[in-house]
Amino acid sequence: MKALRPLFEAARDLTPIVLVILFFQELVLKQPIPNMEGILVGMLLVLLGLALFVRGLEIGLFPLGESMAFAFAKKGNVMWLLLFAFLLGFGTTVAEPALIAVAGKAAQVAAQAGVIDSTQAAMDAYANGLRMTVALSVGIAIVLGVLRILKGWPLHFCIIGGYFIVVVMTYFAPPEIIGIAYDSGGVTTSTITVPLVTALGVGLASSIRGRNPMLDGFGLIAFASLVPMIFVMVFGIVTT
Amino acid sequence: MSHLTLFLDTMLSTLRDVIPIAVVLLGFQLLVLRQKIAHPWRVFRGFVYALLGLALFLMGLQKAIFPLGEVMATQLTNPAFLYGELYQEGVTVITSIHWQDYAWVYVFAFSIGLATTLAEPSLIAVGMKAQQVSGGAISAWGLRLAVSLGVAVGVSLGCFRIVTGTDLWLYIVVAYVVVIFQTMWAPKMIIPLAYDSGGVTTSTVTVPLLAALGLGLAATIPGRSPLIDGFGLIAFASVFPIMSVMAYAQISRWQEQRRVSKVEEGG
């Protein structure tokens, strides 16, 4: 029975999607559902996948993230920890397919707006530059977030300060880059990164004396979604 | 056969996504920390489960939900659906649009935002962790529901913005101001979690469907550019959960206080 629990939970999590699709297809659009068989197979895969993923979180990603955080705290070498934080942020972002897609699209927008030449080489260079900018900014974001946990700075000052910078930068940045900048904050945090980074933050906050895992442990993802917005707008200003 | 190649393709791209992380983790574990991990095989098995699970999940989405969701998004924004028999392709010219005409689009945006966020794997992860760390004071399900409601409201407002053509930054600035005020009043414990929820909502499930909806809207409404207006729905989906999670904490604190004061009156 215990092994079936994740399956039940996955089924519960997916039911709303099925209901929404059925409702709109049958009652609003009044159209038959195409390829019923393929959809059933697909739903079964989604169900199985979600249940497996959750099990993997419980026995793999969470324990590893935490045990590494404890080991770093015990070792007490801040430089290694910060380097680890940077590489984790940079490494997980630079290969992210969503980011590669967004960067490609952004290059097209920039070429149409006449910011860069419409040649393939110029567009590739622009897309690569943007990708590196975002990856670098996520690395820096995780470093800043880990520093915050170590120093115990209150999160809301950092984030509200960051938002303020975003708002000011929005005023100065070229209009074509703004939508992309806002979106790049969202695409950086992939499904494997989030549990690892969360476990790292919570693990660090629980192993350092005077830190509260609830108050100090969360917040790394907030940094990882905020800093790229600022960096991408800087990138937009520099390239025009 | 095509199932197998699709599966291998998804598996490979998931693997490529994970290799840099694995290199960093292993490198530090072996070269810097040099500490034995407890139950290494169990952890390894966990990684394989997570990878396999994610690949199956994505493959299933691509087979079942994305194609249908995208078709539905384009159909709902199609003038032929919106204006019924009054509209004839190539004959009718839409001169003015009323935001009320798009009622079904907002309802769809709301419900699909709610439903997909509930199934978002990274949000499930953060919810599990929050419940564990808070000792059950924050329930994983309550948090996920709060985030999903935030996404739902944000996305429908985002569609309204595309239809009316008002400036994106106006909404975002107002939203930030609301977030700042809420931060001053919300229970301290929830703030980091609320800020994190903004980042986790926009990954595997929600983004492709939202992008289809945004692009469909921007492409069919005269005077909107898919490039400028199509983007930006995701920004809405990241800010509104911050508000809804803080609101959830505020409401549960009020309920708690009311319960406490009632008990005191009774005793």
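Round to the nearest 0.05 the FRET efficiency obtained for A:ASP117 and B:ASP167 when R0 = 22 Å and r is the Cβ-Cβ distance.
Efficiency, from the Cβ-Cβ distance: 0.15.
Tabulate in residue order the Karplus-calculated ³J(HN,Hα) for region B:76-81, using 6.51 cos²θ - 1.76 cosθ + 1.60 with θ = phi - 60°, rounded to whole Hz; enter x for Gly and Pro.
5, 8, 6, x, 4, 6
At 20 °C and a viscosity of 1.002 mPa s, what translational diffusion coefficient does Stokes-Einstein give for region A:178-240, taking Rh as the Kirkwood radius over Cα pairs? Give it in µm²/s as a whole number.
166 µm²/s
For region B:1-60, just the Cα set please: Rg and Dmax, both in angstrom.
Calculated on Cα positions, Rg and Dmax stand at 14.1, 45 Å.
Find the centroid of the Cα atoms in region A:89-159 and in region A:211-227, then give the distance between the two in whole Å.
Result: 19 Å between the Cα centres.
What shape does chain B have by the C-alpha gyration tensor, where a ≥ b ≥ c are the square roots of the eigenvalues, rounded means a/c under 1.5, and otherwise prolate means a/b greater than b/c and oblate the rest?
oblate
Using the Karplus curve 6.51 cos²θ - 1.76 cosθ + 1.60 with θ = phi - 60°, work out ³J(HN,Hα) for each residue of region A:171-178 in order, rounded to whole Hz, and write x for Gly and Pro.
Ordered by residue, 3J(HN,Hα) equals 5, 8, 6, x, x, 5, 8, 5 Hz.
Tell me, how many Å apart are the Cα centres for region A:39-88 and for region B:31-84?
16 Å
State in Å² the accessible area per residue of the protein assembly as shown; use a 1.4 Å probe, count heavy atoms of protein chains only, and round to the nearest integer.
44 Å²
How much accessible area is lost when chains A and B come together, counting both sides, with a 1.4 Å probe, in Å² rounded to the nearest 100?
For A against B, buried area totals roughly 8100 Å².
Give the Cα extents of region B:98-233 along the principal axes, in whole Å, largest first.
52, 30, 24
I need the calculated FRET efficiency for the pair A:LEU83 and B:VAL174, taking r as the beta carbon distance and R₀ as 45 Å, to the nearest 0.05.
The formula returns an efficiency of 0.70 here.
Considering only the other residues whose Cβ falls under 13 Å of the Cβ of A:MET233, what net charge follows from Lys and Arg at +1 and Asp and Glu at -1?
With Lys, Arg at +1 and Asp, Glu at -1, the net is -2.
With viscosity set to 1.002 mPa s at 20 °C, what whole-number translational diffusion coefficient in µm²/s follows for chain A from Stokes-Einstein and a Kirkwood radius over Cα pairs?
Diffusion coefficient, whole number: 105 µm²/s.
Which of the peptides A:110-121, B:160-171 is most tightly packed, and how do the rest follow, judged by the mean count of other Cβ atoms within 10 Å per residue?
B:160-171, A:110-121
Working out 0.36 nm times the residue gap between A:GLU9 and A:GLU26, then minus their Cα-Cα distance, what length gain in nm do you get to one decimal?
3.5 nm
Return a single number: how many Lys pairs in the protein assembly as shown, at a sequence separation of 8 or more or on separate chains, have alpha-carbon atoms below 19 angstrom apart.
6
Peptide A:164-170: average number of partner chain Cβ atoms within 10 Å per residue?
Mean inter-chain Cβ contacts per residue within 10 Å come to 2.
Give the carbon-plus-sulfur fraction of the accessible surface of region B:92-172 in %, rounded to a whole number; probe 1.4 Å, heavy atoms of protein chains only.
That fraction is 67 percent.
Rounded to whole Å and sorted largest first, what semi-axes of the equivalent ellipsoid does the C-alpha gyration tensor of region A:19-142 yield via the square root of 5 times each eigenvalue?
Each semi-axis is the square root of five times an eigenvalue, giving 37, 31, 10 Å.
Given Cα positions, please report Rg to Rh for the protein assembly as shown, the hydrodynamic radius being the Kirkwood one.
In the protein assembly as shown, Rg relative to Rh is 0.97.
Where a ≥ b ≥ c are the square roots of the eigenvalues of the C-alpha gyration tensor, would you call region B:155-267 rounded, which needs a/c under 1.5, or, failing that, prolate if a/b is larger than b/c, or oblate?
Prolate shape, in that a/c is at least 1.5 and a/b is the bigger ratio.
Within 10 Å of each Cβ in peptide B:65-74, how many partner chain Cβ atoms are there on average? Round it to a whole number, please.
4
Shielding of B:168-180 by partners, i.e. mean partner chain Cβ atoms within 10 Å per residue?
Partner-chain Cβ atoms within 10 Å, mean over residues of B:168-180: 3.
Sum up the charges of everything whose Cβ sits under 15 Å from the Cβ of A:THR193, counting Lys and Arg as +1 and Asp and Glu as -1, but leave A:THR193 out.
Value of the local net charge: -2.
From the phi angles alone, apply the Karplus equation (6.51, -1.76, 1.60; θ = phi - 60°) to region B:6-16 and give each ³J(HN,Hα) in whole Hz, x where the residue is Gly or Pro.
Here the 3J(HN,Hα) series is 4, 4, 4, 4, 5, 4, 5, 5, 5, 4, 4 Hz.
Cβ under 15 Å from A:THR93's Cβ, A:THR93 left aside: what net charge do those residues give with Lys, Arg +1 and Asp, Glu -1?
Charge balance near A:THR93 sits at -1.
Quick one: how many Å² of B:ARG45 are accessible to a 1.4 Å probe, rounded to 10?
So the heavy atoms of B:ARG45 present about 110 Å² to solvent.
The values are calculated or read from the model by the stated rules, or taken from the named source; none is laboratory data. Since we're looking at a predicted model, the values are computed, not measured. Positions of Cβ are backbone-derived with ideal geometry, glycine not excepted, and every protein chain shown enters the neighbour counts. Each accessible area value is taken on the protein alone, full model and side chains, heavy atoms only, with ligands, DNA and RNA left out. Shrake-Rupley method; radii C 1.70, N 1.55, O 1.52, S 1.80 Å.
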